Amino acid sequence: VRRVVVLISGSGSNLQALIDAQTHDELGGEIVAVISNEPDAYGLVRAREAGIDAVVLPHREYENRDAYDGALIKVIERHEPDLIVLAGFMRIFTPRFVQRFLGRMLNIHPSLLPAYQGLHTHERALADGVPEHGCSVHFVTEELDGGPVVVQAAVNVAEGETEETLKEKVHTREHLIYPIAVKWFLEGRLRFTAEGATIDGHPLPPHGLR
Ligand code: GAR
């Protein structure tokens, strides 16, 4: 069985989508641990309710970023994962951490990358009046929100859309595309190469599959 470790900081609705996929035998592997840097993250409750090992590793207890990432590497490697899945893990990694898991770490980001890297994506998209917004699953590299995109889902920005309604809409799409991307990886169909991501041996376009 392919082993997955999920990193969270908050509500964990994407984690829930992955758990649900696993329950329906649609994940292609098993979530063996959930790790949160925030002790109060609701995702920890979701993990425990699903019988998954839930670990709290509070960043505030570490002197600096490198010390934290070192501890995180240890906890992750104890679980011998094939894949690390970032599901709303709101921390920036050291290069050492990224290199350690290069090619086997995925993230989901609430924008149509390369648009709106960083924070407050929904707010910024609304302020710009763009007709379309969405989410992207991508491999994690040292470039923040800059690794090769695997798959994206777009939503229309409707008349009278608010940050809340837009966020909600994008979330529903995140829950659709993340389990699929994880499954592709665990089945060995999705790969990370020096040139970018490939699916079934074919290079993906810069914006991934849509
Ligand atoms: C998701 O919308 C995810 O795209 C975003 O955090 C949210 C977590 O929600 N991730 C980032 O912004 C990464 N920089 P969840 O805890 O309900 O899955």
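The values are calculated or read from the model by the stated rules, or taken from the named source; none is laboratory data. Owing to the predicted nature of the structure, the values given are computational and were not obtained by experimental measurement. FYI the Cβ positions are ideal-geometry reconstructions off the backbone, even for glycines, and counts take in every protein chain you see. Each accessible area value is taken on the protein alone, full model and side chains, heavy atoms only, with ligands, DNA and RNA left out. Shrake-Rupley method; radii C 1.70, N 1.55, O 1.52, S 1.80 Å.
What to note about this one:
- Flag if residue 195 is modelled with pLDDT under 95, over 19 Å from the mean Cα position of the chain (by Cα), open to solvent by 50 Å² or more (accessible area, probe 1.4 Å) and over 19 Å from residue 6 (Cα atoms): yes
- The set of residues in the stretch 14-25 that are open to solvent by less than 30 Å² (accessible area, probe 1.4 Å) and either modelled with pLDDT under 95 or within 9 Å of the ligand (Cβ to nearest atom) (or both) comprises 14, 15, 17.
- Evaluation of residue 119 against (1) closer than 25 Å to residue 186 by Cβ; (2) within 18 Å of the chain's Cα centre (by Cα) (one fails), failing number: (1)
- The condition (being part of a strand (DSSP E or B) and either aromatic (Phe, Trp, Tyr) or open to solvent by 10 Å² or more (accessible area, probe 1.4 Å) (or both)) is satisfied by just one residue among 45, 55, 34, 1: 55.
- With respect to the conditions (1) farther than 18 Å from residue 14 by Cβ; (2) open to solvent by 20 Å² or more (accessible area, probe 1.4 Å); (3) within 16 Å of the ligand (Cβ to nearest atom); (4) out of contact with any Pro (no Cβ under 7 Å at 6 or more places or on another chain), residue 63 lacks only one, and its number is (3).
- Identity of the residue in the stretch 94-117, open to solvent by 30 Å² or more (accessible area, probe 1.4 Å), within 13 Å of the ligand (Cβ to nearest atom) and not polar (S, T, N, Q), that ends up farthest from residue 2 (Cα to Cα): 116
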